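Quick notes on the structure that follows.
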Amino acid sequence: MKVRDLLETKGKDTVSIDLNSSVEDAIRAMHARKISAILVNDEGKTRGIFTERDVVRSYITSGGKSFKDIQVKEVMVADLMVAVPDDDLNDVMATMVEKNIRHLPVIDNHRVVGMLSIRDIIQTHVGKLHAEIHYLRDYINQ
C-alpha cells in the first residue's frame, strides 16, 4: 500500500499555525481539532512541526515561562522528515519507528498534501490483518 492510498481513505486535511504564534495558541488549536501535531508556517511555507512532545519540552526548557510567552518557533521541530505519496507504507512505518516519529507530513511538488500519524498506519495494518483473518477463516471452513 502506498502513502497516497492511506491519504485517500483518511483524508488530506492539515492544520497549521504561524511561526510567531505562542505555544498556548498551538495547544488551543490542537485541542480544538483533537489532534496532537500541527504544522508551523511562515509566509505560506511549512517551516516545521509542533507536537504534544514539544509542549512538554517547552515546559521543561522555558525556565518557568508561561505558554503564552513562548513562541512556537522556539520549540518546534524544524528539521522535518517527510513522506511522498508514492512511498510504500511499510517503509514509512519502519522509518517512523526507527526515528521515534509519530507524525509525518506528506509532501508533493514542494507542498504539504497531508499528514500521517503512526496511529493511521497501525489502524490500516490492523484492518488489513482483520480482513486476512476473515478470508482465511472462510477458506478453512469451506
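Legend: ranking of residues 133, 140 from fewest to most surrounding C-beta atoms inside 10 Å; resulting order 140, 133.
Using only the Cα atoms, what convex hull volume per residue in Å³ does segment 88-127 have? List each step's numbers first, then the result.
On the way: hull volume 2.9 nm³, N = 40.
Looking at segment 88-127, the number lands at 73 Å³ per residue.
Restricting attention to segment 3-140, lysine pairs at least eight places apart or on different chains and with alpha-carbon atoms under 21 angstrom apart total 8. Basic side chains Lys and Arg get +1 at the Cβ, acidic Asp and Glu get -1 at the Cβ, and with that the dipole of the chain about its Cα centre reaches some 380 debye.
Hey, what did the chain get for relative contact order, percent, Cα under 8 Å, at least 6 apart? It would help to have the intermediate numbers written out before the result.
Working: 184 pairs, mean separation 36.8, N = 142.
Relative contact order of the chain: 26 percent.
Relative to the longest principal axis of the Cα atoms of the chain, the long axis of helix 23-33 lies at roughly 30 degrees.
Measuring how big segment 3-140 is from its alpha-carbon positions, Rg and Dmax come out at 17.3, 62 Å.
For segment 1-42, the relative contact order is 47 percent, taking Cα pairs closer than 8 Å that sit 6 or more residues apart in sequence and dividing their mean separation by the residue count. Within the listed set 41, 90, 100, the Gaussian network model of the chain (springs between alpha-carbon atoms below 10 Å) gives the highest mean-square fluctuation for 100.
Every number in this text was worked out from the coordinates using simple rules, so none of it is lab data. Since this is a predicted model, take the numbers as computed values, not measurements. Cβ: placed from backbone, ideal geometry, glycine included. Neighbour counts: every protein chain shown.
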